Structure formats: C-alpha cells, structure tokens
Amino acid sequence: MIARVALTALLALSLCATLLTGVRIMRDPTLRPFIDRGAQEIEAAVEAEMARTAPETIAARLDALLAEDPRNWVAIDAVAEVAAERGLPVPDLPRPGFLENAADCAACAYDPAACTLSPVLICQAPVALTSLGDIAGLARGGQAYVTGAEVDTLDVTLSAIGLGATVFVVASGGSSAVVKLGAAMTGIARKMRLLSPRLTATLTRAAREGIDWARLPAVRGTDDLAALMRPAVLAPVADIARGAGRIGTALPPAQALHLMRHIDTPADARRIANASEALGPRTVGRMEVLGKARFLRATWRVSNVAWSLLAGIMGFAMALAGMVGNAVQSWALRRLSRS
C-alpha cells in the first residue's frame, strides 16, 4: 500500500514537472532545447573532435579533393594546412597557370555558373558585392515582369533585401552592412550553384510570397522597396543573409562562399557563422575533415531546460512502469492465493 502511494505521488510530481517545463518552452521562444555555444566553447569542442580524428581520415580527404575535376583549391589548401598541423606528408600541389586563370576569369565574367571559387573574386565580386549588383537585379526583375518574361524571383528578392537591409535590421537587430553582404554572397553562391536544393527551395518559397510583385515596376527608391516587402515572410531569407554576412565578415570571400554549400537552414547559417567567428581561417579545414554533422555538433549543447524536460519524462516513465509492475505483482499474488 505504501509503495503504491509513493509511486502515485512520484508519478504525479513527474507529470507536473514535465508539464510545467513544456509550458515554459511554449511561452518563451528563447528557451530552446539546444543552445549555441560561445566562441571559446566552440573552439574547444572542435579541437577535441579534431584530436579524435585519425590521420588516415585527413589523408583520405585530401586525396579525394585532389581527385576532383575541377579542383576546389579553397578546400585543398585548408585540408593541406590541417595535414601539416598533424605532421602528415603533403604532396606537391601544382597550381593553374596564368593563361588558364585568364580563361576561367573570362568564362566567369560571362556566366556566373561557370565560376570557380578563385576567379569569382576578380570577375564577379566587384559588382555583385556592391549595391550596383542589387540595382541590376531589381532592374532585370522589373523589366521581366513588365514584358511578361519569367522573373527570377530569388534573384530579385536577394537584391531587394540587399538594398532594403534596414527593414530587417529594424525588425530583428544586427547590422545592415552584414545583411547586405550576406544577401550578395547568397546571390553569388546561387549563381555558382553552390546552394543546396533544400536551401534553394526554402529561399524560393519565401521569395514568391514575400514580395508584392505587382508593385515591383513602380519602385523608384528604398521607401518604395520597403513597402513591397513582407518582412515576416522573408524572415528565413534575411536570417540566411545575416548568417552568410557574418561568415563573409569573419573569413576571406572564397572561404565564405565555399561554406555556403553546407547551409540548409537558418540555424545552419547561424552556427557556421558562430564557428567562423571562433575559428577564423581554420574553419574550412575543420569542416572538410570532420564533415558537416560532426562540425555542427560542436557548435551547440543541450540546454538546462532540455535536461529538466528529459528528467521529468524519465521520472514519469519510471513511476508509470513501477505502478504497472506493482499492479501486475498484486494481480499475480491474488491469483496465486486463490489457487
């Protein structure tokens, strides 16, 4: 009898604790089960993962990168630096010659999809990373809408966010320069086909619903631009741009663009930005060696509220199991006594 009362009390307390924690999470959006680590925590966690990585893994990753055609020199150089840190032999890495670079640059200037991470900085970035690129994007979109041609909704939306970054800074905080840079980088990465299908789908969906397209041809200034944007709908695009801008501020442009391929969600963008600010130029090498999953796991930890919720659920499950076991034992004893 005493055991049954104790188990019932434990069950009630565990259920109440679980419900209270759940209500706290629902009412306060800042209470997340997983929270981002600080810069020092990220650095320590990433380096601990690197220490557990076998030298063969680093050598195999470098060999795989060298076997690619065309070669990604941003990733190759980063992994070669990691290999040198571990005292591993690094093969001679022959570089493209001047004429080859010139040909790549000409192709990149004509078609951004033909860009590699090296010539893109010379041939696309001087325009694409400034307001000139955003103005050109809006002009192309407006002309296409008026003439009935297909509008590149994502290109126009990124241009609009770049020019109207103040709208999103007011809504969620941060720096307009960071949002502008991130929107431009996302646009370049998209033209270079660096964005993942999942991220492209998310951005495109938000772009279609977040702009009043009928008012686009009438835009004459930033005030008109702000009026046709729906910040709440475009929030995922702005979050991606903010994360990309932080990455671009922390790292050289080629490395920042390389990391864009690993972003699937706004949370990915934020966590890779946190890591970039903590690790600096070491970020790419660590990402390449560890892989996205292991790398990102080092950037977050389980929050106290999640541990409280887990403890409540486990206590509830244990109490429930104890009550069921007690009931089964009582039933078995009654059957035995009758027998």
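The values are calculated or read from the model by the stated rules, or taken from the named source; none is laboratory data. Please read all numbers here as calculations on a predicted model, not as lab measurements. All Cβ positions, even for glycine, are placed from backbone atoms using ideal geometry, and neighbour counts span all protein chains on display.
Quick notes on this structure:
- Within segment 238-258, the set of residues being at pLDDT below 90 and under 15 Å from the mean Cα position of the chain (by Cα) comprises just one member, A238.
- Sole exception among (1) assigned to a helix (DSSP H, G or I); (2) modelled with pLDDT of 95 or more for F316, by number: (2)
- Among the residues listed as G248, G243, G285, the single one being closer than 21 Å to I76 by Cα and either surrounded by fewer than 21 Cβ atoms within 10 Å (Cβ to Cβ) or in the same structural domain as V179 (by TED's automatic domain parsing) (or both): G248
- Note on segment 52-68: residues that are surrounded by 11 or more Cβ atoms within 10 Å (Cβ to Cβ) and among the small types (G, A, S) total 3.
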